[in-house]
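Peer 1: Handing you this structure, nothing more for now.
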Amino acid sequence: MVCRRHPGLFVVWCNVFLPPLLPELVPSIMSNLLNPDAIFSNNEMSLSDIEIYGFDYDYTLVFYSKHLHTLIFNAARDLLINEHRYPVEIRKYEYDPNFAIRGLHYDVQRVGSVLVGLTVVPDEEVIDMYEGSHVPLEQMSDFYGKVMRNAAELDVEDQPWLVSKVWGSALVARSHAGPPPPTLQSSHGNTMKQFMDIFSLPEMTLLSCVNEHFLKNNIDYEPVHLYKDVKDSIRDVHIKGIMYRAIEADIEKYICYAEQTRAVLAKLADHGKKMFLITNSPSSFVDKGMRYIVGKDWRDLFDVVIVQAEKPSFFNDKRRPFRKVNEKGVLLWDKIHKLQKGQIYKQDLTLKHGWRTGAIIPELRSELKIMNTEQYIQTMTWLQTLTGLLEQMQVHRDAESQLVLQEWKKERKEMREMTKSFFNTQFGSLFRTDQNPTYFLRRLSRFADIYMASLSCLLNYDVSHTFYPRRTPLQHELPAWSDGPPTFRLPLLQEAQAK
């Protein structure tokens, strides 16, 4: 493996500083691939301590096909045209499933910050616009929004109340997690809105498409109004029942049938675990979906079913009593003294005992599969090696060495862009921005005890299994690049080298 621009000099330096190990590392790593069906832990947690399991419905018990986001995008776009009087020409824009990722921020008050419509703004202009790479805390909020850039690149302050819905995928009872905090308020106003929900992907795309149309056609507009109109249209797709009716009318098109969902629930029930389902969706919609993926007897598996919960306020609003829901979805007036197995309820449950939290991250499986490819492993191995060489060789101040170092810096920048494009051309990985964790991963690490790609991952573990987080070295716990050959400083490769 040689430098594309100065192979001769690289070989000399490699002979001095690098053993002939690099070409051998890739096969070694390929024999120790990451498991997409594994469960990963942020905190030590034993399933033997868990007596009650709680599940969300959307993207936890049920997964949707690619057609759903297209439906939401098209319906919200048509609402913009028909109810908000937006130009009919925006109907030409179609949903692109490869455009956005979760965890992005949106600056409500700027026409273009990192993307102008669908066009990328150079990094230098972004840094100039925000007067540095740090986004002030007073501009942040816990709304779902985006600046088209992973927050780690903008060095966003790590504030716990910006949790959004990381915790909302699956709840595992016991211990302490605490409810999400209230919305951050500021005299400066909250201009940065973060999108964490999977349902926000079509919203991000629609915002960018409408911005694109206005800018290309020189239409003057107020960015705040655009954000609000798109947000309201996406909300109405849910509230007005447009999405629910479409799914119920063609359930096979929109819901991915998964027999393993029933297998997970049956396994927990067979071991005497109590279970509840909590969702913001209406009763009839949930019933039809659960009949499709689990069976007509799905309610027998749950001790309690709670619909139209209005999360996240559901978890800390003590003013709303429970109401029973009959088979037709009608609310009854009976006073509820206790929750009974087989019944469906609406409204409030205050969490007084705390929870252990498990997050379902569907994107995890696809990202791990990418990381297991030989192309990705080769690229990352060389990128890390090149970074080590840069740090080691910067002491050489002669003109020829400095020329090579500049070429290597340029190549390193190109390779970092390449690694980003493995995951998403615009924004890269959901979990990492270069060497830094994204804001999404920071939230996930803070509020989820365990996380996995799908509920079916639980089938790979015994109900008494204990999850132990791996000790991740801090920067000051690692030797400097200059203390030894760069290849020995690769965290991704240490286990393979040890073997």
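The values are calculated or read from the model by the stated rules, or taken from the named source; none is laboratory data. Here the structure is a predicted model, which means the values were calculated and not measured. Cβ atoms come from the backbone with ideal geometry, glycine included; neighbour counts cover every protein chain shown. Just the protein is used for accessible areas: all its heavy atoms, side chains included, with ligands, DNA and RNA removed. Shrake-Rupley method; radii C 1.70, N 1.55, O 1.52, S 1.80 Å.
Peer 1: Scan region 57-112 for residues that are within 27 Å of G358 (Cβ to Cβ) and outside any strand (DSSP E or B) and report the count.
Peer 2: 14
Peer 1: Is it true that T487 is at pLDDT below 80, open to solvent by less than 60 Å² (accessible area, probe 1.4 Å) and hydroxyl-bearing (S, T, Y)?
Peer 2: yes
Peer 1: Still on this model: Considering only region 201-215, I want to know if a residue exists there that is at pLDDT 90 or above and open to solvent by 20 Å² or more (accessible area, probe 1.4 Å).
Peer 2: yes
Peer 1: Still on this structure, I have one more. Mind telling me which of the residues T381, T387 ends up being assigned to a helix (DSSP H, G or I), farther than 23 Å from A38 by Cβ and either of a type outside the set (A, V, I, L, M) or under 32 Å from the mean Cα position of the chain (by Cα) (or both)?
Peer 2: Only one candidate qualifies: T387.
Peer 1: Now, a different point. What about M290, is it touching a residue at least 12 places away in the same chain (Cβ under 8 Å) and under 24 Å from the mean Cα position of the chain (by Cα)?
Peer 2: no
Peer 1: Take region 283-314 and flag every residue that is at pLDDT 85 or above and open to solvent by 30 Å² or more (accessible area, probe 1.4 Å).
Peer 2: Matches in region 283-314: S284, D287, K288, R291, Y292, K296, D297, R299, D300, D303.
Peer 1: Check whether at least one residue in region 224-233 is open to solvent by less than 10 Å² (accessible area, probe 1.4 Å), under 30 Å from C457 (Cβ atoms) and either hydrophobic (A, V, I, L, M, F, W, C) or in contact with a strand residue (DSSP E or B) (Cβ under 8 Å, 6 or more places away or on another chain) (or both), and report yes or no.
Peer 2: No, every residue in region 224-233 fails to be open to solvent by less than 10 Å² (accessible area, probe 1.4 Å), under 30 Å from C457 (Cβ atoms) and either hydrophobic (A, V, I, L, M, F, W, C) or in contact with a strand residue (DSSP E or B) (Cβ under 8 Å, 6 or more places away or on another chain) (or both).
Peer 1: Oh, and also: Just wondering, is there one or more residues in region 352-359 that are modelled with pLDDT under 90 and more than 24 Å from the chain's Cα centre (by Cα)?
Peer 2: yes
Peer 1: When you look at K92, is it basic (K, R), surrounded by fewer than 18 Cβ atoms within 10 Å (Cβ to Cβ), under 22 Å from E363 (Cβ atoms) and at pLDDT 90 or above, yes or no?
Peer 2: Values: basic (K, R): yes; surrounded by fewer than 18 Cβ atoms within 10 Å (Cβ to Cβ): yes; under 22 Å from E363 (Cβ atoms): no; at pLDDT 90 or above: yes.
No; evaluated as a whole, the condition is false for this residue.
Peer 1: Can you work out which of the residues in region 46-56 that are part of a helix (DSSP H, G or I) and of a type outside the set (S, T, N, Q) is most open to solvent (accessible area, probe 1.4 Å)?
Peer 2: D49
Peer 1: Now for a different question. If you scan region 235-279, which residues turn out to be open to solvent by 60 Å² or more (accessible area, probe 1.4 Å), within 25 Å of P202 (Cβ to Cβ) and part of a loop (DSSP other than H, G, I, E, B)?
Peer 2: Correct list: K240, D250, Y257.
Peer 1: Sticking with this one: Return the pair list, or none, for Cβ contacts closer than 6 Å from residues in region 407-427 that are farther than 14 Å from L389 by Cβ to residues that are assigned to a helix (DSSP H, G or I) and open to solvent by 40 Å² or more (accessible area, probe 1.4 Å), at least 6 apart or on different chains.
Peer 2: What qualifies is F422/I370.
Peer 1: Residues to consider are I370, I336; find the one that is on the phi < 0 side of the Ramachandran plot, surrounded by fewer than 16 Cβ atoms within 10 Å (Cβ to Cβ) and at pLDDT 85 or above.
Peer 2: So the residue among I370, I336 that is on the phi < 0 side of the Ramachandran plot, surrounded by fewer than 16 Cβ atoms within 10 Å (Cβ to Cβ) and at pLDDT 85 or above is I370.
Peer 1: Tell me the residue from T419, T438 that is β-branched (V, I, T) and under 17 Å from the mean Cα position of the chain (by Cα), please. Show your work before the answer.
Peer 2: Working: T419 fails: under 17 Å from the mean Cα position of the chain (by Cα).
Unique residue meeting the criteria: T438.
Peer 1: Do you know which of the residues in region 369-378 that are polar (S, T, N, Q) and assigned to a helix (DSSP H, G or I) is nearest to D37 (Cα to Cα)? Walk me through how you get there before you give the answer.
Peer 2: Let us first name the residues in region 369-378 that are polar (S, T, N, Q), namely 372-373, 375, 378.
Now drop any that are not assigned to a helix (DSSP H, G or I), which leaves 375, 378.
Numbers: Q375: 21, Q378: 23 Å.
Among residues in region 369-378 that are polar (S, T, N, Q) and assigned to a helix (DSSP H, G or I), the one nearest to D37 (Cα to Cα) is Q375.
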